[in-house]
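**Student:** Starting off with a structure, shown below.
Since every read-out is calculated from the coordinates, none of them should be taken as a lab result. Predicted model only: the values in this text are computed from it and were never measured. FYI the Cβ positions are ideal-geometry reconstructions off the backbone, even for glycines, and counts take in every protein chain you see.
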């Protein structure tokens with residue numbers, strides 16, 4: 001019998017619709033897979049067999065239908081799901097069960113998608129390796145001694161290790177795309193405002209965006225279409241139709257398109273093997289009929305510094321809500337200490353090192369005397385980066401680069417060097433600052449580890465990512481992980 | 001030149017309501033020094049002087065909705081997640097000094 005965990009989301013949905021297999025069998029197969037391998041991968045923080053099987057039964061009973069009905073999914077633990085523990089990878093929310101569903105969850109439920117559980121992540125989505133999770137790191141299925149990327153390493157690893165065909169990630173500076181690149185999977189950051197942020201635990205509100213993780217471009221497109229669209233509960237949600245991503249993935253044709261190679265996203269800091277796979281990818285796109293040009297985005301080199309001022313500034317404000325009053329941890333409430341003392345003790349004990357570092361950095365960048373030189377200047381640079389994008393899109397329909405400068409690095413290697421960790425997002429950050437959509441998809445191996453190709457498109461042209469991505473994928477199928485650690 | 005002193009970090013920690021210990025303050029001062037040196041590179045951007053700062057990727061006007069009464073979350077569901085509750089309210093530690 002076919003191993004149900006190896007099917008794509010499309011194949012799974014069709015098999016369920018044609019009654020070749022039940023949603024319950026599919027769900028049980030994935031729960032069994034998680035039980036078998038997640039001790040080694042640690043992609044999940046919480047598995048919800050009852051909730052998952054309940055949804056599956058409703059699909060089998062014909063109560064729920066749609067293109068993804070019955071397909072299992074891992075939900076990043078930054079998205080609230082009613083009654084299911086949501087920790088954001090932090091001790092400060094340990095044991096908290098949200099009283100409501102995020103809009104993304106509501107849409108997944110309506111689509112009959114089976115939510116298997118919550119996936120591991122760097123605490124508050126701050127990190128590039130999952131090593132900042134308060135519950136221990138996730139391991140890369142390609143090599144368990146290496147990072148799965150971050151912050152959404154749990155979602156990417158779950159998909160790569162066949163624990164789920166689909167997962168939800170969130171991307172503030174690359175947290176969907178960088179894990180996709182280093183695990184050999186597909187990850188998409190939609191246009192900012194394309195997917196509702198209602199029910200996402202906020203990190204940096206002007207940058208955060210939820211999106212799909214999958215093993216194929218078409219699977220990502222179906223999930224994208226399921227979760228996207230205007231939501232009155234999010235005031236930054238864009239009141240326009242969802243770009244036709246599924247149709248574009250079906251089209252899978254780059255002829256007539258001009259593809260821009262971003263000069264500033266290569267060279268120094270990029271591994272030779274990564275650069276080589278990228279150049280071959282550009283060659284493939286040329287062979288498929290695209291016109292390739294080189295474009296220059298001179299302010300992209302300042303994207304990393306601008307991001308590490310803007311995101312921590314917003315985080316220092318957003319994380320003020322963890323005040324030991326309304327939810328989560330409370331430490332030292334002995335009847336003697338004041339609210340302020342209890343609050344300060346709780347936050348010091350509940351937040352991990354990276355979160356504290358970013359709160360302090362953000363508070364510094366926003367403080368009087370430094371505001372203009374740091375936060376204010378970063379916002380101006382953000383404008384200039386957006387202008388670089390606008391100018392580049394006059395010359396090309398989409399832009400391409402390597403997704404990450406290196407393949408997956410060993411766990412522990414950059415843990416004590418925050419700046420080295422920040423460099424993992426060098427190529428992904430520009431799209432967050434600009435707001436446009438971007439995809440990472442597999443572009444072969446270097447040293448036996450996956451390399452990602454990044455495609456960037458103009459705001460609300462998410463469809464172009466899928467059109468180019470699907471064409472590339474058809475010509476250069478994704479490598480399959482050997483999973484040699486499996487007994 | 002030192003960008004940030006241990007005393008400044010201690011001040012920022014107080015503002016941020018983080019009761020950090022001495023080892024954390026020392027570690028953060030050293031790490032922030034390195035990080036600030038890297039992010040200070042944005043000062044090199046010379047063509048930013050007359051540029052409008054970008055606060056957001058979506059240039060939205062004020063977003064309004066009809067002013068109609070809607071159901072809120074049930075009180076017991078919200079209080080169920082609180083560290084301490086009493087009489088249908090969040091219970092908090094002492095806010096005012098004994099003398100005041």
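**Student:** Compute the distance in nm between two label points, each set 7 Å from the Cα along the Cα-to-Cβ direction, one at residue B:34 and one at residue A:271.
**Tutor:** Simple spin-label model gives 2.1 nm for this pair.
**Student:** Using only helices, what value at 222 nm comes out for chain A when you add -39,500 (n - 2.57) per DSSP H run of length 4 or more and divide by the total residues, to the nearest 500 deg cm²/dmol?
**Tutor:** The per-residue figure over chain A is -11500 deg cm²/dmol.
**Student:** Still on this structure: Note the angle between two axes, namely the Cα long axis of helix B:22-39 and the longest principal axis of the Cα atoms of chain B, as a number of degrees from 0 to 90, rounded to the nearest 10.
**Tutor:** So the helix axis and the longest Cα principal axis differ by about 60 degrees.
**Student:** For residue A:14 and residue A:340, what is the calculated FRET efficiency with R₀ set at 41 Å and r taken between the beta-carbons, to the nearest 0.05?
**Tutor:** 0.10
**Student:** Taking Cα pairs under 8 Å and at least six residues apart, what relative contact order does the range A:145-191 come out at, in percent?
**Tutor:** 39 percent
**Student:** If packing is taken as the mean number of other Cβ atoms within 10 Å per residue, what is the order of A:477-483, A:155-161, A:167-173, highest first?
**Tutor:** Output ranking for A:477-483, A:155-161, A:167-173: A:155-161, A:167-173, A:477-483.
**Student:** Given a cut-off of under 8 Å on Cα pairs at least six residues apart, what relative contact order in percent is computed for chain A?
**Tutor:** 18 percent
**Student:** Turning to a different aspect of this structure: Hey, how many Å between the Cα centroid of the range A:85-141 and the Cα centroid of the range A:378-428?
**Tutor:** 24 Å
**Student:** Ranked by Cβ crowding within 10 angstrom, fewest neighbours first, how are A:327, A:230, A:270 ordered?
**Tutor:** With the fewest neighbours first, A:327, A:230, A:270 line up as A:230, A:270, A:327.
**Student:** How big is the equivalent ellipsoid of the range A:293-423 along its three axes, where each semi-axis is √(5λ) from the Cα gyration tensor, reported in whole Å from largest to smallest?
**Tutor:** Values for the range A:293-423, descending: 38, 19, 12 Å.
**Student:** By counting other Cβ atoms within 10 Å of each Cβ, how are A:331, A:245, A:104, A:71 ranked from fewest to most?
**Tutor:** A:331, A:104, A:245, A:71
**Student:** What list do you get for B:4, A:176, B:35 if you sort them by fewest beta carbons within 10 Å?
**Tutor:** The fewest-first ordering by Cβ neighbours comes to B:4, B:35, A:176.
**Student:** Report the antiparallel proportion of the DSSP beta bridges in the protein assembly as shown as a percent, rounded to a multiple of 5.
**Tutor:** 65 percent
**Student:** Report the gain in length on full extension from residue A:36 to residue A:485: 0.36 nm times residue separation, minus Cα-Cα distance, nm rounded to one decimal.
**Tutor:** Once the chain is fully extended between residue A:36 and residue A:485, it gains 160.4 nm.
**Student:** When a/c is below 1.5 the answer is rounded, else prolate if a/b is larger than b/c, else oblate, so apply that to the protein assembly as shown with a ≥ b ≥ c taken from the square roots of the Cα gyration tensor eigenvalues.
**Tutor:** oblate
**Student:** Now for a separate question. Hey, got the average number of other protein chain Cβ atoms within 10 angstrom for residues in A:358-369?
**Tutor:** Across the residues of A:358-369, the mean count of other-chain Cβ atoms within 10 Å is 5.
**Student:** What does the highest-first list of B:48-59, A:427-438, A:126-137, A:406-417 look like by mean Cβ count within 10 Å?
**Tutor:** Most protected by this proxy first, the peptides run A:427-438, A:126-137, A:406-417, B:48-59.
**Student:** Pull out a ≥ b ≥ c, the square roots of the eigenvalues of the alpha-carbon gyration tensor of chain B, then state rounded if a/c is under 1.5, prolate if not and a/b is larger than b/c, and oblate in the remaining case.
**Tutor:** Judged from the Cα gyration tensor, chain B comes out oblate (a/c at least 1.5, b/c at or above a/b).
**Student:** What average count of beta carbons from other chains do you get within 10 Å of the Cβ of residues in B:72-82?
**Tutor:** So the per-residue partner count for this stretch is 3.
**Student:** Still on this structure, please answer the following. Hey, with R₀ at 41 Å, roughly what FRET efficiency would residue B:15 and residue A:145 work out to, going by the Cβ-Cβ distance, to 0.05?
**Tutor:** 0.55
**Student:** How high is the FRET efficiency from residue A:445 to residue B:6, r the C-beta distance, R0 45 Å, rounded to 0.05?
**Tutor:** E between residue A:445 and residue B:6, to the nearest 0.05, is 0.45.
**Student:** Within the range B:9-47, name every residue whose backbone N is under 11 Å away from a label modeled 7 Å from Cα of residue A:320 along the Cβ vector.
**Tutor:** B:16-17
**Student:** Moving on to the next point. Once you keep just the Cα pairs under 8 angstrom separated by 6 or more residues, what percentage relative contact order results for chain B?
**Tutor:** Relative contact order for chain B comes out at 17 percent.
**Student:** Then there is this: Can you show me the helix-derived [θ] at 222 nm for chain B, built from DSSP H runs with n ≥ 4 at -39,500 (n - 2.57) apiece and divided by the number of residues, rounded to the nearest 500.
**Tutor:** Value at 222 nm, helices only: -10000 deg cm²/dmol.
**Student:** For residue A:6 and residue A:394, calculate 0.36 nm times their separation in residues minus their Cα-Cα distance, and state this gained length in nm to one decimal.
**Tutor:** Taking residue A:6 through residue A:394 to full extension adds about 135.5 nm, to one decimal.
**Student:** Now for a separate question. Can you give the mean number of other chain Cβ atoms that lie within 10 Å of the Cβ atoms in peptide A:332-340?
**Tutor:** What the average comes to for A:332-340 is 4.
**Student:** Shape of the range B:6-45 from its Cα gyration tensor (a ≥ b ≥ c, root eigenvalues): rounded if a/c is under 1.5, otherwise prolate when a/b > b/c, or oblate?
**Tutor:** Cα axes put the range B:6-45 in the prolate bin.
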